[in-house]
Amino acid sequence: MKIIIVSPPFGENILENKIVSSLDEVKMSEGLPIAPPVLEYLAGLTLKYHPDIEIELIDANREGFKPEEIKTDVVCFTVLTPQSKWVYENADIIRQMGKKVILGGMHVTVLPDEGKEHADSIVIGEAESVWDEVLKDAKNNNLKPFYKGERLSLENLPKPAKGLLKNKYRMGSFFTARGCPFKCTFCCVHKFFGGTVRHRPINEVVEEIVGSPYNSFWNVDDNVWGAGIDRSIELYIELYRELSKSAKGKTWFGSGDLLTIQHKRGDELLRWAKKSGLVYVMVGWETDNERSLDEYNARNKQGKNRRDAIKKIKDHGIDVMLFIMVGGRQDTPDDYKRLLDLCDELDVLPHPMMTTPFPGTDLYDMYKPYLIPEMGWEFYNGNRAVFLHDDPRMSVKNREAALQWLRAEVFTWDRILKRLWSLSFKGFPKTHLTSAIIQLSMGRAFREIRHENPYAK
Ligand code: B12
Ligand code: SF4
């Protein structure tokens, strides 16, 4: 049997947004330099149980995807919310051709019945406990409509399969844990993976990284150190020790909370993280608006002094990107400029996204009465305002324009240079290089956008 596993394109991007239609030529969604993590992992899982199965991996961002050309009998898609429309349309065509479609991932886990309208089978939750059975059933042409994955312990997981992707990528990825103890209302991770953190054994993680052909990685854990500071330090020491043996000098980046940094072992953690190759950390600052912080239930992971925590990370030679959400129902027109000032003060790059109530989250239930029915799932991509705001100044048009303004403003040349200059020499040259690459590649398109701030006084 042969199967195809597809990672869908990122879909509507901000440049297709009518507000910036003058920039149509600029391409944003050419694909990331990172091999889509789920493709190589699911291929590894397939080969663990069924080494006889032939696998084709498709990163539709890079290669495109033509359903009419599919020859294989079984096609699997991973589905995030903004990708669901594209997946369903393609799945319908493939099924009309008499072939089987299997869907899995966050979106169809939350909305399995919606997904089932377009598929033969839906894998709900994590694949590990059911994938062997799904493939056996596919071989016997006897697929069940739903398979419910259990949350197993994370020992003995397969390594991501290499050599199957058609394109070359500069970076790989790894994960060391699943689950999150925090309960941010905009996030579905604690519901999908559970509120207790499960760890992979340290030796298995280290072995995977050391043996990987990639030299830089995205650690796709939700919180690279939030699940236990002692375990994280142990992991970083082991990774450092093994990497120094082979003098490979690999680097990695990932998302981390600020509470852990304020722990008494915080400095020790950062020292070892840096030594193990961490060059960049993405921090969920979320918002500077106190009412929004409460609405998002995002205070717990911040600790008492989040500004100091940011400085501490930077002092260790690790660069910081702040994930911020704008345009939420508690946000005000002043928040955009305030966030820009904050990032100037801290010399960090913000990654501003539109507040989006993803299905299955608590925020979705809270925002349900205000959702705009014409905005389908394809608009749930962090660029668009998909709900109404009570303040008439915070209209859909104004919120989208203000987001574009903020994104362009953070990538002016003077800000890029100031941020690079602010980096500690402890991180030279790898942190500086990574920071420059990230800022330049993200900023290329955004810098061109010259949109007025609708809230400028
Ligand atoms: C890496 C990542 C990305 C990467 C790559 C995504 C990709 N498609 O490969 C990039 C940067 C592209 C990305 C983009 C976005 N992401 Co993202 N991303 C992640 C992250 C950090 C890790 C996912 C990952 O690769 N894990 C490792 C792999 C091995 O595990 P996995 O994907 O979970 O797969 C397992 C199961 O889910 C299941 N499974 C998954 N797919 C399939 C398919 C089949 C057929 C089967 C059988 C099983 C199966 O089996 C696997 C093994 O158990 C998660 C956070 C998280 N904890 O999941 C957010 C996350 C998935 N992203 C999210 C979001 C919101 C986005 C964006 C919309 C950004 C945004 N702010 O608004 C964009 C969407 C882009 C677009 N327009 O389509 C949300 C998902 C919300 C949702 N309902 O869809 C998450 C959960 C973050 C969060 N905290 O909310 N993301
Ligand atoms: S946003 Fe991060 S900290 Fe909050 S629940 Fe999701 S994974 Fe956990």
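The values are calculated or read from the model by the stated rules, or taken from the named source; none is laboratory data. Because the structure is predicted, anything quoted here is derived from the model rather than measured. Quick reminder, even Gly has a Cβ in these numbers, built from the backbone with ideal geometry, and neighbours come from all protein chains shown.
Any residue at all in segment 174-189 that is more than 16 Å from ligand 2 (Cβ to nearest atom) and in a loop (DSSP other than H, G, I, E, B)?
Residues of segment 174-189 more than 16 Å from ligand 2 (Cβ to nearest atom): 174.
So of that shortlist, the ones also in a loop (DSSP other than H, G, I, E, B) come out as none.
No, there is no match, as no residue in segment 174-189 is more than 16 Å from ligand 2 (Cβ to nearest atom) and in a loop (DSSP other than H, G, I, E, B).
Can we say residue 224 is among the aliphatic types (A, V, I, L, M), out of contact with any His (no Cβ under 7 Å at 6 or more places or on another chain) and surrounded by fewer than 17 Cβ atoms within 10 Å (Cβ to Cβ)?
Numbers: among the aliphatic types (A, V, I, L, M): yes; out of contact with any His (no Cβ under 7 Å at 6 or more places or on another chain): yes; surrounded by fewer than 17 Cβ atoms within 10 Å (Cβ to Cβ): no.
Considered against the rule, which asks whether it is among the aliphatic types (A, V, I, L, M), out of contact with any His (no Cβ under 7 Å at 6 or more places or on another chain) and surrounded by fewer than 17 Cβ atoms within 10 Å (Cβ to Cβ), residue 224 comes out as no.
Please verify whether segment 320-336 includes one or more residues that are assigned by TED's automatic domain parsing to the domain that holds residue 239 and part of a helix (DSSP H, G or I).
yes
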Got a number for residues in segment 194-213 being assigned to a loop (DSSP other than H, G, I, E, B), under 15 Å from residue 41 (Cβ atoms) and either within 20 Å of the chain's Cα centre (by Cα) or free of Cβ contacts under 8 Å to residues at least 40 places away in the same chain (or both)?
1
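Here's the yes/no breakdown for (1) farther than 23 Å from residue 218 by Cβ; (2) more than 21 Å from the chain's Cα centre (by Cα):
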{"residue": "139", "(1), (2)": "yes, yes"}
{"residue": "144", "(1), (2)": "yes, yes"}
{"residue": "148", "(1), (2)": "yes, yes"}
{"residue": "155", "(1), (2)": "no, yes"}
{"residue": "163", "(1), (2)": "no, yes"}
{"residue": "167", "(1), (2)": "no, no"}
{"residue": "173", "(1), (2)": "no, no"}
{"residue": "177", "(1), (2)": "no, no"}
Of all residues making up segment 354-373, the number that are under 13 Å from residue 329 (Cβ atoms), of a type in the set (Phe, Trp, Tyr) and in contact (Cβ under 8 Å) with a residue 24 or more places away in the chain:
2
Qualifying positions in segment 56-86 - assigned to a helix (DSSP H, G or I) and either of a type in the set (S, T, N, Q) or more than 21 Å from residue 160 (Cβ to Cβ) (or both)
61, 67, 68, 69, 81, 82, 83, 84, 85, 86
Kindly provide the set of residues from segment 351-394 that are aliphatic (A, V, I, L, M), part of a helix (DSSP H, G or I) and buried (at least 18 other Cβ atoms within 10 Å of the Cβ), ordered by number.
363, 394
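Being of a type in the set (A, V, I, L, M), closer than 18 Å to residue 406 by Cβ and at pLDDT 95 or above: is that true of residue 325 here? Break it down stepwise before answering.
Working: of a type in the set (A, V, I, L, M): yes; closer than 18 Å to residue 406 by Cβ: yes; at pLDDT 95 or above: yes.
In short, yes.
Confirm whether residue 260 is among the β-branched types (Val, Ile, Thr), more than 20 Å from residue 158 (Cβ to Cβ), within 16 Å of ligand 2 (Cβ to nearest atom) and surrounded by fewer than 16 Cβ atoms within 10 Å (Cβ to Cβ).
Working: among the β-branched types (Val, Ile, Thr): yes; more than 20 Å from residue 158 (Cβ to Cβ): yes; within 16 Å of ligand 2 (Cβ to nearest atom): yes; surrounded by fewer than 16 Cβ atoms within 10 Å (Cβ to Cβ): no.
Considered against the rule, which asks whether it is among the β-branched types (Val, Ile, Thr), more than 20 Å from residue 158 (Cβ to Cβ), within 16 Å of ligand 2 (Cβ to nearest atom) and surrounded by fewer than 16 Cβ atoms within 10 Å (Cβ to Cβ), residue 260 comes out as no.
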Looking at (1) without any contact (Cβ under 8 Å) to a residue 40 or more places away in the chain; (2) buried (at least 19 other Cβ atoms within 10 Å of the Cβ); (3) farther than 30 Å from residue 385 by Cβ, which one does residue 437 not meet, given that it meets all the others?
(2)
